[in-house]
Amino acid sequence: MALRRALHFVFKVGDRAKTATFYREVLGMKILRHEEFEEGCKATCNGPYDGKWSKTMVGFGPEDDHFVAELTYNYGVGEYQLGNDFLGLTLQSSQAVSNAKRLGWPLTQVEEALYLTQAPGGYPFYIVDTEQPPHDPVTKVSLGVSDLQRSTHYWATLLGMTVMDKSEEKKTVLLGFSDSQCKLELQDVGGKVDHSTAFGRIAFSCPREQLPDIEALMKKEKQKILTPLVSLDTPGKATVEVVILADPDGHEICFVGDEAFRQLSAVDPKGNELLDKAMVEDKSDEWFAKHNKQKAAA
């Protein structure tokens, strides 16, 4: 399945300004593109919300060859509850460690040359204190599972990922579509996986012609399909086709047709400017303060 590739992980964010500071100034990522939407996504990209929202893609380089973060912000929702489903994103960057120390961003050393920090909202990030490589510094995304054998079968046998490493001691399995891509680490959490309200989504691309086959296989295997094959329009940009699945623990998985997605995911040189403009124009914090109200906690 070398033609399949890891694209991004979707995070729900309640504080867009602090989140932008973390990704831009602490991690050193770039704003790849920013889009504003007046109503919810029909593939629930922004979660189960119907109102105005925004999507910001951030990464160390273009999504063609980097694993990036998709930050979804729902206007009026200020806080999401974390579960034990997302266990961390790991990247290599001594510069990010230096940035965090300089900015006073909390860091915890968990072992030699490895630090734990948190994005706003509490999402864990692990930073390896080594020189940032010329290729993508993001090495793996870790997700919690309740039955490691069952989940390994799902991701490897059904979705075609290769098992690259496993640890009996840590109760982990590392999988990927190729050595050069960001890997997926599954870790047994010793009980039920709780997605709470901050639940995310991991996205992969594949040749468009594989999408019906993925959907058909999941039907045959009686696995959950959250969104059957559908076309998503982005005004002025490419129309992409997606099918959205859920693994045995309910982790959301999006497969998107690669050809159209490469057009959609082209870096927008105005991305940074558009995000800053949207944050300046977002008066929701002021409105809630003026009316002595709190933003909703999802």
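When residues in the stretch 220-253 are screened for being touching a Ser or Thr at 6+ places or on another chain (Cβ under 8 Å) and open to solvent by less than 60 Å² (accessible area, probe 1.4 Å), 11 of them pass. Checking residue 95 against (1) of a type outside the set (A, V, I, L, M, F, W, C); (2) open to solvent by 50 Å² or more (accessible area, probe 1.4 Å); (3) in contact with a Gly (Cβ under 7 Å, 6 or more places away or on another chain); (4) under 26 Å from residue 194 (Cα atoms): exactly one of these is not met. Which one? Condition (4) is where residue 95 drops out.
Say whether the condition of being among the aromatic types (Phe, Trp, Tyr) and under 15 Å from the mean Cα position of the chain (by Cα) is met by at least one residue in the stretch 65-76.
Start the filter on the stretch 65-76 by keeping residues that are among the aromatic types (Phe, Trp, Tyr), which leaves 67, 73, 75.
Among the residues that remain, those that are also under 15 Å from the mean Cα position of the chain (by Cα) are: 67, 73.
The answer is yes, given that some residue of the stretch 65-76 is among the aromatic types (Phe, Trp, Tyr) and under 15 Å from the mean Cα position of the chain (by Cα).
Looking across the stretch 35-94, the residues that are within 21 Å of residue 234 (Cβ to Cβ), touching a residue at least 12 places away in the same chain (Cβ under 8 Å) and acidic (Asp, Glu) come down to 35, 36, 38, 39, 63, 64, 70. Filter the stretch 200-237 down to the residues that are under 21 Å from the mean Cα position of the chain (by Cα) and either part of a loop (DSSP other than H, G, I, E, B) or of a type in the set (Gly, Ala, Ser) (or both) and list them by number. 200, 203, 205, 207, 231, 233, 234, listed by residue number. Each residue in the stretch 184-194 was checked for being open to solvent by 30 Å² or more (accessible area, probe 1.4 Å) and under 14 Å from the mean Cα position of the chain (by Cα), and 0 of them qualify. Scanning the stretch 98-117 for residues that are loosely packed, with under 15 Cβ neighbours inside 10 Å and hydroxyl-bearing (Ser, Thr, Tyr) yields a count of 2.
For the stretch 185-199, enumerate the residues that are polar (S, T, N, Q) and assigned to a loop (DSSP other than H, G, I, E, B).
Within the stretch 185-199, the subset polar (S, T, N, Q) is 187, 196-197.
Matches in the stretch 185-199: 196, 197.
Just one of the numbered conditions (1) surrounded by fewer than 18 Cβ atoms within 10 Å (Cβ to Cβ); (2) of a type outside the set (S, T, N, Q); (3) assigned to a helix (DSSP H, G or I); (4) touching a Leu at 6+ places or on another chain (Cβ under 9 Å) is not true of residue 286: (4).
The residue list 18, 12 contains one member that is touching a Phe, Trp or Tyr at 6+ places or on another chain (Cβ under 7 Å) and either in a helix (DSSP H, G or I) or open to solvent by less than 60 Å² (accessible area, probe 1.4 Å) (or both), which is 12.
Looking for something part of a loop (DSSP other than H, G, I, E, B), among the polar types (S, T, N, Q), within 30 Å of residue 214 (Cβ to Cβ) and open to solvent by 20 Å² or more (accessible area, probe 1.4 Å) - is there at least one such residue anywhere in the stretch 46-65? The answer is no; no qualifying residue exists.
Condition first: open to solvent by less than 50 Å² (accessible area, probe 1.4 Å), modelled with pLDDT of 95 or more, more than 16 Å from residue 96 (Cβ to Cβ) and under 20 Å from the mean Cα position of the chain (by Cα). Can you find one or more residues in the stretch 119-136 that meet it? There is at least one residue in the stretch 119-136 that is open to solvent by less than 50 Å² (accessible area, probe 1.4 Å), modelled with pLDDT of 95 or more, more than 16 Å from residue 96 (Cβ to Cβ) and under 20 Å from the mean Cα position of the chain (by Cα).
Among the listed residues 7, 32, which satisfies the condition of being closer than 17 Å to residue 279 by Cβ, of a type in the set (A, V, I, L, M), open to solvent by less than 20 Å² (accessible area, probe 1.4 Å) and part of a strand (DSSP E or B)? Step through it out loud before you land on a result.
Details: 7 fails: closer than 17 Å to residue 279 by Cβ.
One residue alone meets the criteria, 32.
For the residues 193, 141, 145, the requirement of being at pLDDT 95 or above, in contact with a Gly (Cβ under 6 Å, 6 or more places away or on another chain) and under 13 Å from residue 251 (Cβ atoms) singles out 193.
The values are calculated or read from the model by the stated rules, or taken from the named source; none is laboratory data. Keep in mind that this is a model prediction, so the values were computed, not measured. All Cβ positions, even for glycine, are placed from backbone atoms using ideal geometry, and neighbour counts span all protein chains on display. Keep in mind that these areas ignore ligands, DNA and RNA; they rest on the heavy atoms of the full protein, side chains included. Shrake-Rupley method; radii C 1.70, N 1.55, O 1.52, S 1.80 Å.
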